[in-house]
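Here's the structure, in structure tokens; my notes come after.
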Amino acid sequence: VSLQLHQQGVGLFALADPDGWYPALVSGCGGRVHGVLAELRLAAGDLTRLDRYEGREYRRRTVPVCTQRGKYAAAQAWCWRLPLPSGARPIADGDFPGWLVRTGNRPFGHRQSHGAIASALANRCVVH
């Protein structure tokens with residue numbers, strides 16, 4: 001289900017890494033963020049492992065979201081909790097996969113061509 005983060009004062013930024021770009025959801029900014037709402041069936045300890053994977057830069061929070069059909073729900077999202085690094089680029093429309101396509105940048109962890117990966121990601125958005 002496609003969704004929109006329904007919270008005042010959030011924004012999405014793209015952060016550079018030698019292995020590609022990754023998104024950072026930031027509180028205290030004005031804007032909208034687009035993503036996918038998925039119900040996961042996790043085993044005991046999976047959220048702790050996901051928290052560890054995301055690292056200390058992110059903190060998992062419950063955030064209100066609104067689906068394309070206008071339904072409101074609570075969702076888990078990993079929000080950036082440190083000062084943004086220099087070179088962070090704001091994504092005004094809140095669409096990270098779309099930003100990858102528009103800029104020709106490649107997502108973190110993908111060494112394939114920019115176009116193929118970005119086009120594949122344009123069909124799905126993840127709130128990170």
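Structural remarks
- Residue count for region 42-70 under the criterion of being charged (D, E, K, R), modelled with pLDDT of 85 or more and assigned to a loop (DSSP other than H, G, I, E, B): the result is 2.
- Filtered residues of region 57-87 (kept if under 19 Å from F108 (Cα atoms) and free of Cβ contacts under 8 Å to residues at least 12 places away in the same chain): S86
- Of note, R49 does not satisfy the criterion of being touching a Cys at 6+ places or on another chain (Cβ under 8 Å) and open to solvent by 60 Å² or more (accessible area, probe 1.4 Å).
- Of residues in region 71-123 being in a loop (DSSP other than H, G, I, E, B) and polar (S, T, N, Q), the one modelled with the lowest pLDDT: N123
- Selection of region 52-75 for residues being open to solvent by less than 100 Å² (accessible area, probe 1.4 Å) and aromatic (F, W, Y) yields only Y58.
The values are calculated or read from the model by the stated rules, or taken from the named source; none is laboratory data. Keep in mind that this is a model prediction, so the values were computed, not measured. All Cβ positions, glycine included, derive from the backbone under ideal geometry; neighbour counts span all protein chains shown. Remember, those area values only see protein heavy atoms, side chains included, never the ligands or the DNA or RNA. Shrake-Rupley method; radii C 1.70, N 1.55, O 1.52, S 1.80 Å.
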